[in-house]
Amino acid sequence: MATQRTLSIIKPDAVAKNVIGQIYTRFENAGLKIIASRMAQLSRAEAEGFYAVHRERPFFKDLVDFMVSGPVVIQVLEGEGAILKNRDLMGATDPKKAEKGTIRADFADSIDANAVHGSDAEETAKVEIAYFFPALNVYSR
Ligand code: RTP
Ligand code: MG
């Protein structure tokens, strides 16, 4: 499988729970390199732009409210099959349905406060990485 990059966000609930390091360790233990990283308080406009594909969904306002409720940590992960690997580490969107040992099963409380975001395909990964990291801030080793 080819080396890929994916965009990951540690959401406000997981930052508030003080588990940034534990989540980073899971990425590293799975062979994913953190090649860009920053903490940010998203504005409403940034959160709405990021989740624009969900604009018409009934949960859109709750999603944006939650994403601006506190700081997030945004990173680019790189590795073999990084997109799917990260989705596997994350677990199902609803933590009640997430497999044991996944980030969402272990750290998330609800479908809204579900600890992490991860790109779901190559094309969305490209768009999402460009959204938060201008090329110069990504460090490939
Ligand atoms: P994410 O984009 O955050 O990585 O999550 P995902 O792919 O697993 O789920 P997605 O369908 O892209 O939805 C984005 C976020 O919206 C919230 N959501 N709420 N109440 C609901 O039915 C519902 N469905 C989705 C979740 O917080 C989800 O992470
Ligand atoms: Mg998604």
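What the table below lists for this structure:
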{"read-out": "All Cα pairs of segment 29-141, percent lying beyond 20 Å", "value": "45"}
{"read-out": "Probe 1.4 Å, all protein chains present, accessible-area order of E56, E128, E46, E123, largest first", "value": "E56, E123, E46, E128"}
{"read-out": "Heavy-atom SASA rank of Y51, Y139, Y131, Y24 (probe 1.4 Å, accessible area, largest first)", "value": "Y139, Y131, Y24, Y51"}
{"read-out": "Residues whose placed amide H lies under 5 Å from that of F133, excluding near-sequence neighbours", "value": "none"}
{"read-out": "Residue-by-residue Karplus 3J(HN,Hα) for segment 35-47, coefficients 6.51, -1.76, 1.60, Hz, glycine and proline x", "value": "9, 7, 7, 7, 8, 8, 9, 5, 7, 4, 4, 5, 5"}
{"read-out": "Carbon and sulfur %, accessible surface of segment 7-139 computed with the full protein complex present, 1.4 Å", "value": "54"}
{"read-out": "Surface accessible to a 1.4 Å probe, T25 within the full protein complex, Å²", "value": "60"}
{"read-out": "Accessible area per residue, Å², the chain with all protein chains present, probe 1.4 Å", "value": "53"}
{"read-out": "Charged-residue dipole, Cβ positions (Lys, Arg, Asp, Glu), the chain about Cα centre, Debye nearest 20", "value": "220"}
{"read-out": "Environment charge at I9 (Cβ cut-off 11 Å; Lys +1, Arg +1, Asp -1, Glu -1)", "value": "+1"}
{"read-out": "Listed pairs K11/K96; K61/K85; K61/K100; K61/K97 exceeding 27 Å between Cα atoms", "value": "K61/K85; K61/K100"}
{"read-out": "Sum of -39500 (n - 2.57) over DSSP H runs of 4+, divided by residues of the chain (222 nm, nearest 500)", "value": "-10500 deg cm²/dmol"}
{"read-out": "Over the chain, relative contact order from alpha-carbon pairs under 8 Å, at least 6 apart, %", "value": "38"}
{"read-out": "Phi to ³J(HN,Hα) by Karplus 6.51 cos²θ - 1.76 cosθ + 1.60 over segment 88-96, Hz, x for Gly, Pro", "value": "5, 4, 5, x, 4, 3, 8, x, 5"}
{"read-out": "Spacing of the two label points (7 Å from each Cα toward its C-beta) at H54 and A121, in nm", "value": "1.7"}
{"read-out": "Ranked order, H54, H117 - accessible area, probe 1.4 Å, largest first", "value": "H54, H117"}
{"read-out": "Counted charge near A98, where neighbours are those whose Cβ lies closer than 15 Å (Asp, Glu -1; Lys, Arg +1)", "value": "0"}
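The values are calculated or read from the model by the stated rules, or taken from the named source; none is laboratory data. As the structure is a computational prediction, the values presented were derived from the model and not from experiment. Using ideal geometry, Cβ is built from the backbone for each residue, glycine included, and neighbour counts are taken over all protein chains shown. The area values use the complete protein model at the heavy-atom level, side chains included, leaving out ligands, DNA and RNA. Shrake-Rupley method; radii C 1.70, N 1.55, O 1.52, S 1.80 Å.
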